[in-house]
1. Where the second residue is β-branched (Val, Ile, Thr) and open to solvent by 70 Å² or more (accessible area, probe 1.4 Å) and the first is modelled with pLDDT of 85 or more and lies in the stretch 1-24, which pairs have Cβ atoms under 8 Å and are six or more apart or on separate chains?
2. Hey, among VAL105, VAL46, which residue is within 30 Å of ARG270 (Cβ to Cβ) and modelled with pLDDT of 95 or more?
3. Out of the residues in the stretch 296-315 that are open to solvent by 60 Å² or more (accessible area, probe 1.4 Å) and free of Cβ contacts under 8 Å to residues at least 60 places away in the same chain, which is nearest to ALA249 (Cα to Cα)?
4. Considering only residues that are touching a strand residue (DSSP E or B) at 6+ places or on another chain (Cβ under 9 Å), under 21 Å from SER229 (Cα atoms), assigned to a loop (DSSP other than H, G, I, E, B) and not aliphatic (A, V, I, L, M), which ones fall in the stretch 301-338?
5. Considering each residue of the stretch 192-236, count those that are free of Cβ contacts under 8 Å to residues at least 60 places away in the same chain and basic (Lys, Arg), and give that number.
6. If the requirement is being at pLDDT 95 or above, within 28 Å of VAL46 (Cβ to Cβ) and open to solvent by 10 Å² or more (accessible area, probe 1.4 Å), which of these qualifies: THR344, THR293?
7. Could you grab me the full set of residues in the stretch 79-100 that are under 29 Å from HIS275 (Cα atoms), touching a helix residue (DSSP H, G or I) at 6+ places or on another chain (Cβ under 9 Å) and in contact (Cβ under 8 Å) with a residue 60 or more places away in the chain?
Amino acid sequence: MTKNALVSNELAKKFETEKETPYTRFIAAEGLEIISAHYVPDLKAVDVKPWARRGGAGVFINHEASRTSNDCYVCEIAPGKQLEPQRQLFEEMIYVLSGRGSTSVWNDAGQRVTFEWQAGSLFAIPLNAICQHFNGSGKDAARFVASTNGPSVINLYEDPAFIFNTQFDFKNRFSGEPDYFDNKGEQKGLLLDTNFVADAINLPLITAKERGAGGGHIRFNMAKGSMNSHISQFPVSTYKKGHRHGPGAHVIMMTGEGYSLMWPEGEEPRRYDWHAGTLIVPPNLWYHQHFNTGNAPARYLAFKHEVVSIRNAQGVPKAWISQRVGGDQIDYADESPVVRDLFTTALAKQGLEPRMADAYASELVDLPPKS
């Protein structure tokens, strides 16, 4: 039986004044709404409202599991228009959902860098640098989704004037380097140290057999920030291993079709269908698992705060480590039979069959023994 942890009105009233935060009050003052959901079927079609201060339109998405660490918002720029310049004392990563345009970034010292972007571009804004986004089309709107660690900063200072108007250049983050937003980077293991990816949909990935299904993976450190992100991809008729981690991962489906299962420990999995543009935010320590039922490889982008990554003593996220040795990843050999039955049925509806035999077999080669 699903447990919703609801309590009596008497007990709830004792905590009523703690439900709202400086962050939620700030969003309300912006004239915007917060979608409190861990599943948004289509970010490209989600309703946005006029955002006077920014000069565009937007909506925030912040599930209760991430409301004090990081958030997510969708912003739309009208054809031929631009957003107002903004600086902020929190970090921000951006993925372009549709349209094309450019962004200018500058600091108080006067250095300015401008770069162009398109649907599928990925970049980050350096801490407290001033930025302005421009729609490059006079016909079509441009829309992007962004993740920030704004909630913790806004809750800490509770002073928008300080957060958005402080004059200070973090020169170790951005000093106006002309090539700052060039489409380049240094690969360090799975980690790509970069500030801009022109086409994240077709970015080459690195084999990551530890996540199962012969998939590819790449992780990002952008604008020297404390937030992080990664892209994962997995082949047709396959699925990733189930795992869990801390709160605040915003999973944006980039390509493909399929579904995800999410569930808290001890409960039955719940299914969420997705396609390019769907957002899934796994609640804190909920298991989740992604399944490709389409006819092309499925790729997703995950924006997240470091609090998500519960790591072992070697620095490896426990979501990558088998539960058999104390990690938070479910081996194929240990998953519920329901998982495979659901996948087989879903594929059959598309005239497809599972291609998981090799993944199951390769796992057995070095599968730790059950304790």
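1. Hits for this filter: THR21/THR68; TYR23/THR68.
2. Numbers: VAL105 fails: within 30 Å of ARG270 (Cβ to Cβ).
Exactly one residue qualifies, and that residue is VAL46.
3. By that ranking, first place goes to ARG311.
4. HIS305, SER309, GLY327, ASP328
5. As a first pass, look at the stretch 192-236 and keep what is free of Cβ contacts under 8 Å to residues at least 60 places away in the same chain: 192-194, 203-208, 215-219, 221.
Imposing the further condition that a residue be basic (Lys, Arg) reduces the set to 219.
Number of matching residues: 1.
6. Values: THR344 fails: within 28 Å of VAL46 (Cβ to Cβ).
It is THR293.
7. Once the filter is applied, which keeps residues that are under 29 Å from HIS275 (Cα atoms), touching a helix residue (DSSP H, G or I) at 6+ places or on another chain (Cβ under 9 Å) and in contact (Cβ under 8 Å) with a residue 60 or more places away in the chain, the stretch 79-100 yields GLU91, TYR95.
The values are calculated or read from the model by the stated rules, or taken from the named source; none is laboratory data. In this text, all values refer to a predicted model and were calculated from it rather than measured experimentally. A quick note on method: Cβ atoms are made from the backbone with ideal geometry, for glycine too, and the neighbour counts reach across all protein chains shown. When the accessible area is computed, the model is the full protein with side chains, heavy atoms only, and any ligands, DNA or RNA have been set aside. Shrake-Rupley method; radii C 1.70, N 1.55, O 1.52, S 1.80 Å.
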